[in-house]
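Read-outs throughout are calculated quantities, based only on the coordinates presented, and are distinct from any laboratory measurement. Computed from a prediction, not measured in an experiment: that's the story for all the values here. Note: ideal-geometry Cβ built from the backbone for every residue, glycine included; neighbour counts use all protein chains shown.
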Amino acid sequence: MDDSIAILGRQPALGLAELESLYGADAVRPAGSQAARLRLAPCSVDVARLGGTMKLCKLLTVLDTTKWPAIEQFLIGAAPTQATRMPEGKMHLGLSAYGTGVSPQQLLAAGLKLKKAIHAASGRTVRLVPNKTAELNAAQVLHNQLTRPNGWELVLIRDGMQTIVAQTVSVQDIDAYAARDFGRPKRDARVGMLPPKLAQLLINLAIGPGEFAAVRDSLSGDVCRSADNAQKLRADHGRTTVLDPFCGTGVVLQEALLMGYHAYGTDLEPRMIDYSRTNLAWLAERRRLGDASPELAVGDATTYQWQLPADQPVAVASEAYLGRPFTGRPAPEVLAQTMTDCNLIIKKFLRNVHDQLPAGARLCLALPAWQVRPGEFRHLPLIDQLAEMGYNRVSFERIRDDDLLYYRADQIVARQLLVITRK
């Protein structure tokens, strides 16, 4: 039986690809439109390193109904027993529903009934977190202590003609993300603002499932490893170097260091290397990264010769050159020239790095894609020339290649996440 439920982020396809990349397609399957079921114990999944997963839940049960009265009746009957297993003291309760069609008002009414049933059975007081929307966000879960021993967020997910009932065990730490994003001493809007969550996605898609197979396969029966033990287990396979050839202010490098990888960054502009060095020193001081010593150098990604380790794995994770920023749809000739410039630079980079990587090395690049009409994108021509450049494109079982786009609805320049391996 599946042990965990991942509640995915704003673009669920990216979260699915990330999970499949790390744990393999056989361990992941979609559950409705906003979640995934994982054949993994919750304590073996480190949500802090997952850019595309908002919440991690443990599976409680699956109901063979999607009718709200039946679901509500089940919860009212089961809640008092669950409450007796929790430590004494005030209980904090919240409800979230994904894809069920249940309104915030219905959830609030159900929460009040649960609160009454728990108090009647055990006498304990319950503080209910009111629903303004059907889903409590990560901030509400954190600030209302719903993952603490006396906290309980019940999560309901429609999956076909069934309803999954789960309990949240961990959520993304939005305060930590904000600190790493906006608190860094050096930022530069002119070169773009790479969100830490996207940097995590790039790294996880570049790492692939190899080093996580041992973590996944070690879980059987009641055996459960913590995230720290899982990271130690992966370390036995050698310390992976994450290379970012367009490192900018060092966002990918900082996330790589936090995941326990060796970070190696280069950039054409000396100013960006100075920014990265300052930001990574700031991070090391705040997070006590110990002997983490990232490599940084000024270098043109189209010609540079990286000093890569011969005896340890290397993964390339980078936001490549995105071209000119556009606040409105550009004229056709302007877009055509921008596409030509981006295509030339990135193609030169791929040819340069090819012979420096071992066969099978994996890369995840954020490439520009231009939204010419709502939901319609123009992509770089090199996407159709990967084989002749010596690369194989990685496809995913759970999502289509076209779904690997990171963007907002009003954004002209999107990021297309391209996952490839060196032949």
Quiz item: Expressed as a whole number of Å, what is the distance separating the alpha-carbon centroids of region 330-352 and region 108-154?
Solution: 52 Å
Self-check item: Whole-number percent relative contact order across the chain, with pairs defined as alpha carbons under 8 Å at least 6 apart
Solution: 15 percent
Exercise. Just grab the label-to-label distance for residue 33 and residue 65, each label 7 Å out from Cα along the Cβ direction, in nm (one decimal).
Key: 2.5 nm
Quiz item: In terms of modelled amide H atoms, which long-range or inter-chain residues lie less than 5 Å from the amide H of residue 60?
Solution: 165, 166, 167
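To the nearest 20 debye, what charge dipole does the chain have about its Cα centre, counting +1 at the Cβ of each Lys and Arg and -1 at the Cβ of each Asp and Glu? Write down the numbers at each step before the final one.
Working: 49 positive and 43 negative charges, 248 e Å.
About 1200 debye.
Sorting check: for 47-59, 332-344, which peptide has the highest mean count of neighbouring beta carbons within 10 Å, and how do the rest follow?
Working: 47-59: 22.5, 332-344: 14.8.
Descending packing order for the listed peptides: 47-59, 332-344.
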Quiz item: Counting only residues 5 or more places away or on other chains, whose amide H sits under 5 Å from the amide H of residue 100 once H atoms are built in the peptide plane?
Solution: 158
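What FRET efficiency would be calculated for the residue pair residue 295, residue 400, taking the C-beta separation as r and a Förster radius of 41 Å, to the nearest 0.05?
Numbers: r = 36 Å, r/R0 = 0.88.
Once the sixth-power term is evaluated, E becomes 0.70.
Would you mind putting 24-34, 253-263 in packing order, based on average other-beta-carbon counts within 10 Å, highest first? Please list the in-between numbers first.
On the way: 24-34: 18.4, 253-263: 23.6.
Highest mean packing first, the order is 253-263, 24-34.
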Quiz item: Given the convex hull of the Cα atoms of the chain, what is a quarter of its surface area in nm²?
Solution: 21.2 nm²
Quiz item: Within region 138-166, whose backbone N sits under 16 Å from a point 7 Å along Cα→Cβ of residue 74?
Solution: 154-166
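Rounded to the nearest 20 Debye, what is the dipole magnitude of region 108-205 about its Cα centre when Lys and Arg each give +1 and Asp and Glu each give -1 at the C-beta? Could the numbers behind the result be given before it?
Details: 14 positive and 7 negative charges, 56 e Å.
The dipole magnitude comes to about 260 debye.
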Exercise. Considering only 103, 276, 21, give the residue with the highest GNM mean-square fluctuation for the chain, with springs between Cα atoms whenever their separation is below 10 Å.
Key: 103
Quiz item: In the chain, with Lys and Arg counted as +1 and Asp and Glu as -1 at Cβ, which of these residues, 418, 95, 265, has the Cα nearest the positive end of the dipole, that is, farthest along it?
Solution: 95
Exercise. Would you kindly derive the ³J(HN,Hα) couplings of region 91-102 from the backbone phi angles with the Karplus curve 6.51 cos²θ - 1.76 cosθ + 1.60 (θ = phi - 60°), listing them in order in whole Hz, with x for Gly and Pro?
Key: 9, 10, 10, x, 10, 9, 9, 10, x, 8, x, 7
Quiz prompt | Rough spin-label spacing in nm, given labels placed 7 Å along Cα→Cβ, for residue 281 and residue 423 | solution = 4.5 nm
Practice problem: Run a plain Debye calculation on region 252-348 (Cα atoms as equal point scatterers, no solvent) and give log10 I(q)/I(0) at q = 0.24 Å⁻¹, rounded to two decimals, same order as the q list. | Solution: -1.29
Quiz item: Using θ = phi - 60° and the Karplus form 6.51 cos²θ - 1.76 cosθ + 1.60, what ³J(HN,Hα) does each residue of region 140-149 get, whole Hz, x for Gly and Pro?
Solution: 5, 5, 5, 6, 9, 6, 7, 9, 6, x
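How much length would be gained if the chain were fully extended between residue 108 and residue 340, taking 0.36 nm per residue of separation minus their Cα-Cα distance, in nm to one decimal?
Numbers: separation 232, 0.36 × 232 = 83.52 nm, distance 5.40 nm.
So the extension gain works out to 78.1 nm.
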Quiz item: Taking a threshold of 24 Å on the Cα-Cα distance, which of the pairs 90/113; 115/197; 55/197 fall above it?
Solution: 115/197
